[in-house]
Structures are given as C-alpha cells and as structure tokens.
1. Of the conditions (1) closer than 18 Å to residue A:40 by Cβ; (2) in a loop (DSSP other than H, G, I, E, B); (3) in contact with a helix residue (DSSP H, G or I) (Cβ under 8 Å, 6 or more places away or on another chain), residue A:77 satisfies every one except a single condition; which number is it?
2. Looking at residue A:72 and the list (1) modelled with pLDDT of 95 or more; (2) more than 13 Å from DNA strand C (Cβ to nearest atom); (3) part of a helix (DSSP H, G or I), which single condition is not satisfied?
3. Out of the residues in the stretch A:64-75 that are near DNA strand B (Cβ under 8 Å from one of its atoms) and over 11 Å from the mean Cα position of the chain (by Cα), which is surrounded by the fewest Cβ atoms within 10 Å (Cβ to Cβ)?
Amino acid sequence: MNFQQKVLSLVKHIPKGKVTTYKEIGKAFHKRGQIYRAVGRALKENKLPIIIPCHRVVCSDGSIGGYSRGIKKKIALLKKEGIQIKNNKIIDFKKKLFKF
DNA sequence: CCCATGACTAATT
DNA sequence: AAATTAGCCATGG
C-alpha cells in the first residue's frame, strides 16, 4: 500500500465533529521526524475528496491549514460539523482533537 | 541519483 | 506576539 493510501485510510476514520493534525497522523505512522510534510502532500494529491474528509485535518497550532477546494470551503464544512472557528483558528481545538 | 516543492512545525529573532 | 529561518519526508522531473 502506498504512503498516500495509508494516509487517506486514516483520515477516513476521523469521526464527524472532530479534527486531527498532520502531526498526529505522522505519529500514527510509527516513524520519527517530520512525516507530516509528506502527509500534507498526500492529502493534496488525493483524488477522492468526497470519501476522504480531508477538511478534518488541520495544523497543530489550531489554524486551518489548506484545502484543494479552497480554504473557505474547508472552514464552512468544519463549521457545519460543529467545529467553531474564529480568525482562521479552531476554538477549543484541543477538545475537538482526535487522536489515533 | 540529485534537486525542488509542499495542505507542516518548532525554534529564533 | 508576529514574522522569518531552518529541518525533514515522500513524490515528481
């Protein structure tokens, strides 16, 4: 299985109303170092944004990060799922954070 | 095989 | 507290 596929699989498991960070995903890979770099890249290249809830993946500091379909869209989706956002930052980020 | 790039982070300034 | 720098992994040319 490709690195990308693994990442997508994990992201798919993120429950609604929760979010995770690139860093956390990296931890799930049992690899040390800055894995999250490649993670972000993998999500960007993902061709199934419908199946993959990539909007639930944010930066470790609580900021939104990026989104192929546009950052605004990502925020809208998150809000819709119950995530409060202000100034491009997630409110109660730690509480909404989902770990593998 | 080497170089550049990115939806990142942590440390420094 | 905001802006800049440097480090690091997988992928593509």
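The values are calculated or read from the model by the stated rules, or taken from the named source; none is laboratory data. Model, not experiment: these values are computed from the prediction. Methodologically, a virtual Cβ is constructed for each residue, glycine included, from the backbone with ideal geometry; neighbour enumeration extends over all protein chains shown.
1. The one condition residue A:77 does not meet is (2).
2. With (1) modelled with pLDDT of 95 or more; (2) more than 13 Å from DNA strand C (Cβ to nearest atom); (3) part of a helix (DSSP H, G or I) applied to residue A:72, the lone miss is (1).
3. Here is the first cut: in the stretch A:64-75, the ones near DNA strand B (Cβ under 8 Å from one of its atoms) are A:65-69, A:74.
Applying the additional criterion that residues be over 11 Å from the mean Cα position of the chain (by Cα) yields A:68-69.
Details: A:68: 14, A:69: 12.
Selected residue: A:69.
Okay, residues lined up against (1) among the β-branched types (Val, Ile, Thr); (2) buried (at least 19 other Cβ atoms within 10 Å of the Cβ); (3) at pLDDT below 95; (4) not in a strand (DSSP E or B):
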residue	(1), (2), (3), (4)
A:7	yes, yes, no, yes
A:10	no, no, no, yes
A:16	no, no, no, yes
A:32	no, no, yes, yes
A:37	no, no, no, yes
A:44	no, no, yes, yes
A:51	yes, no, yes, yes
A:99	no, no, no, yes
